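Data block below; observations after.
Read the figures in this text as sums done on the coordinates, not as results from a lab. Keep in mind that what you see is a predicted model, and the values were worked out from it rather than measured. Backbone-built Cβ (ideal geometry, glycine too); neighbour counts: all protein chains shown.
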């Protein structure tokens with residue numbers, strides 16, 4: 001480009017950070033705006049399997065592949081599938097030299113990316129309210145403190161409830177009909193040997209009908225559990241989510257009849273439960289080109305968590321940065337990037353929604369137990385008088 005473009009990235013998640021890293025590797029300055037107060041202001045979530053054809057491609061473009069391998073856990077690719085009786089149905093173990101999908105804690109990967117950036121790249125505690133195109137090209141950022149800044153390119157990497165997306169699209173996330181409730185175990189090999197036996201070195205999934213229990217081993221003896229079921233978004237109506245024993249009782253009732261070793265996932269977790277309803281963007285989600293503004297990651301293609309979201313965000317970030325570097329104008333770069341990213345995202349969104357419908361059916365009966373797999377899996381006894389609550393999704397950020 002004839003002049004150095006002014007580039008802003010909204011959101012210091014994995015996609016935004018890898019985009020910033022690739023831009024800086026090619027000598028282009030960039031500013032990342034993040035609403036969080038600092039890199040340690042909240043937990044960054046569990047473990048990720050980084051795929052060789054997506055996430056690893058991005059990390060190579062960022063010049064961080066060797067550092068990633070040093071932090072990753074190839075043995076974390078182990079996967080166990082059980083039925084509700086805890087009977088092992090399938091057991092996959094990767095070869096010692098298999099690096100196709102090594103695991104890494106999300107927090108470690110984010111720290112690797114943050115440490116690779118020039119000092120001061122990320123402006124912490126800088127929330128963005130909105131973005132919009134300028135008449136003569138470029139885009140304007142509106143901050144929460146009412147300040148404005150103009151850039152040649154604004155990249156929305158700010159997740160499901162993106163503040164940048166409305167400049168391109170009127171789409172809003174909607175509840176997918178499935179909720180994950182997260183729990184955790186620490187020092188699992190010593191304090192929770194039963195859980196350690198179930199999870200092995202990687203992931204264990206037990207499934208029946210529209211419900212599953214998943215365990216994932218993280219670093220340092222930490223295991224995260226995901227209690228996943230189809231039902232109304234306010235499945236917890238009538239109780240407080242911070243009332244751990246009340247939540248535990250409701251979940252135990254929902255999983256009544258499952259093997260005792262699996263029910264220990266609900267009985268013995270440390271700390272409380274975190275409610276994580278799944279939201280998705282419409283499929284297909286696309287937009288008409290808007291000069292100076294684009295999206296990546298969940299801001300562009302929020303989809304069910306099926307192992308591809310973080311990988312696509314990383315690849316989006318690297319692809320966008322390389323397009324900016326490799327084209328003479330921002331408009332040409334965005335045309336090149338979006339012509340590849342949008343079809344790829346639509347294909348993956350369709351696939352993951354099909355997987356969700358298959359793994360978490362919303363109609364029919366569990367062949368093994370004869371119980372309903374959809375909303376009827378929540379008997380009235382689990383709810384206050386009056387039956388099931390209204391399942392209308394609440395669109396709040």
Q.
Can you give me the angle between helix 106-116 and the longest principal axis of the chain, using Cα atoms only, in degrees from 0 to 90, rounded to the nearest 10?
A. 20 degrees
Q. Running Debye on the stretch 170-312 with equal point scatterers at the Cα sites and no solvent, what base-10 log of I(q)/I(0) appears at q = 0.10, 0.19 Å⁻¹?
A. -0.42, -1.15
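Could you tell me the convex hull volume per residue, in Å³, taken over the Cα atoms of the stretch 302-351?
Residue-normalised Cα hull volume stands at 58 Å³.
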Q. Taking square-rooted eigenvalues a ≥ b ≥ c of the alpha carbon gyration tensor, is the stretch 169-236 rounded, prolate or oblate, where a/c under 1.5 means rounded and, failing that, a/b exceeding b/c means prolate?
A. prolate
Q. Which FRET efficiency value, to the nearest 0.05, is calculated for residue 130 and residue 358 with the Förster distance at 45 angstrom and r the Cβ-Cβ distance?
A. 0.75
Q: Compute the long axis of helix 244-254 from its Cα atoms, compare it with the longest principal axis of the Cα atoms of the chain, and write down the angle in degrees, 0 to 90, nearest 10.
A: 70 degrees
**Q.** Ranked 295, 266, criterion: other C-beta atoms within 10 Å, fewest first
**A.** 266, 295
Q: Would you kindly state how much longer the chain becomes between residue 239 and residue 144 on full extension, computed as 0.36 nm times their sequence separation minus their alpha carbon distance, in nm to one decimal?
A: 30.8 nm
Q) Okay, helix-only estimate at 222 nm for the chain: each DSSP H run of n ≥ 4 adds -39500 (n - 2.57), divide by all residues, round to 500 deg cm²/dmol; what do you get? A) -9000 deg cm²/dmol
(Q) Suppose a student asked you for the relative contact order of the stretch 128-285, using Cα pairs under 8 Å spaced at least 6 residues apart; what percent would you report? (A) 25 percent
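Relative contact order for the stretch 44-134: what percent, with Cα pairs under 8 Å and sequence separation of 6 or more? Show your work: numbers first, answer last.
Numbers: 87 pairs, mean separation 32.7, N = 91.
In percent, rounded to a whole number, it is 36.
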**Q.** Per-residue Cβ neighbour rank within 10 angstrom, fewest leading, 82, 19
**A.** 82, 19
Q.
For a quick size check, give me the Cα extents of the stretch 267-350 along its three principal axes, largest first, whole Å.
A. 59, 24, 19
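Expressed in nm², what is the orientationally averaged projection area of the convex hull enclosing the Cα positions of the stretch 266-316?
If I average the Cα hull's projected area over directions, I get 5.7 nm².
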(Q) Let me understand the chain better: what is its radius of gyration from the alpha carbons, and its Dmax, in angstrom? (A) 21.9, 69
(Q) For Cα pairs less than 8 Å apart in space and 6+ apart in sequence, what is the mean separation divided by the residue count of the chain, i.e. the relative contact order in percent? (A) 22 percent
Q) If one takes the longest principal axis of the Cα atoms in the chain, at what angle in degrees, from 0 to 90 and to the nearest 10, does the Cα axis of helix 14-25 lie? A) 30 degrees
